[in-house]
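Input: a single structure, listed below in structure tokens.
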Amino acid sequence: MTQLRNAFLRVMRFGGQTQPMLRRTFIGAVGMGAFGSASTLMAGPNDVIRPIPLRIWVAQRVVEGEAPSAVVTATFVSDQLSEANRLFGGFDLSFEDRVEHGLIVNLTDLETRADRNALAGQLAKGSCNVFFVGRLRDVDDPQLNRMGVMWRNLANLKQKYVIVSSQARETTLAHELGHYLGNGHSGVKNNLMSYERDGGEVFLDEKQGAKARKTARALFASKELQ
Ligand SMILES: [Zn+2]
């Protein structure tokens, strides 16, 4: 699916359409591609940024005498990913789920900073690591649970990764990837980076899109993404 989508984006860039047209076309065009190749690529309104590789991990509960159970379904993960690709696709950014999901045993309910830090032991180089867990306690206000977080390992601040709870809403992964790509919170209702929603369409603005592209380019240039 992601490959098809990327192929189609390449074709559209080759066509040299204006940016707004490209965006409208893209949203309705998922899955239609497969008739372009990199050799036909020409510079469009945006320079091309490779798909951002994600390394996805899913926590599973392992109890003796019972079958291991993953905290989220494959559909839950792919819905989150589709939403991230839809929202960032308007800025010619995409996320690629390249390898089989890794399983983490028994790091399912994260209560403390130490629990979050413990995930760093799994980190794969060259990708944005995303961990799906069962529950994510708010470490500042333990009365609350979080839907997701872009976390930095306190023992090594260079290690940053996304954690998404099984209680997340559809746009949570996209929101956290927004942080990963350099965007802070917004106070504008229904903005992807805002907590405020009223059921209207979720969006990123031009400035946020430009910031995300700039950050993605820098992450590839520094080889943090490969
Ligand atoms: Zn946030």
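The values are calculated or read from the model by the stated rules, or taken from the named source; none is laboratory data. On a predicted model such as this, the values are computed, not experimentally measured, just so you know. With ideal geometry, Cβ positions are generated from the backbone for all residues, glycine too; neighbour counts draw on all protein chains shown.
Descriptive notes on the structure:
- Filter pass, Leu154 being touching a residue at least 40 places away in the same chain (Cβ under 8 Å) and more than 15 Å from Ala59 (Cα to Cα): yes
Yes/no matrix, rows are residues, columns are (1) more than 21 Å from Leu177 (Cβ to Cβ); (2) surrounded by fewer than 17 Cβ atoms within 10 Å (Cβ to Cβ):
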residue	(1), (2)
Ala74	no, yes
Phe95	no, no
Leu110	no, no
Asn117	no, no
Ala124	no, yes
Asn129	no, no
Gly134	no, no
Asp140	yes, yes
Val149	no, no
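- Residues in the stretch 176-190 that are under 15 Å from Thr215 (Cβ atoms) and of a type outside the set (A, V, I, L, M, F, W, C) were compared, and the one that is farthest from the ligand (Cβ to nearest atom) is Gly182.
- Against the list (1) out of contact with any Phe, Trp or Tyr (no Cβ under 6 Å at 6 or more places or on another chain); (2) modelled with pLDDT of 95 or more, the condition Asn129 fails is (1).
- Criterion (in contact with a Ser or Thr (Cβ under 9 Å, 6 or more places away or on another chain) and within 17 Å of Val149 (Cβ to Cβ)) met by exactly one of Val72, Val99: Val72
- Output for the stretch 189-210, where each listed residue is in a loop (DSSP other than H, G, I, E, B) and touching a residue at least 60 places away in the same chain (Cβ under 8 Å): Leu192, Val202, Leu204
Results for (1) among the aliphatic types (A, V, I, L, M); (2) on the phi < 0 side of the Ramachandran plot; (3) outside any loop (DSSP other than H, G, I, E, B); (4) within 16 Å of the chain's Cα centre (by Cα), shown as yes or no for each residue.
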position: Val77; (1), (2), (3), (4): yes, yes, yes, yes
position: Arg86; (1), (2), (3), (4): no, yes, yes, yes
position: Ile104; (1), (2), (3), (4): yes, yes, yes, no
position: Asn117; (1), (2), (3), (4): no, yes, yes, no
position: Leu136; (1), (2), (3), (4): yes, yes, yes, no
position: Gln143; (1), (2), (3), (4): no, yes, no, no
position: Met150; (1), (2), (3), (4): yes, yes, yes, yes
position: Lys158; (1), (2), (3), (4): no, yes, no, no
position: Gly184; (1), (2), (3), (4): no, yes, no, yes
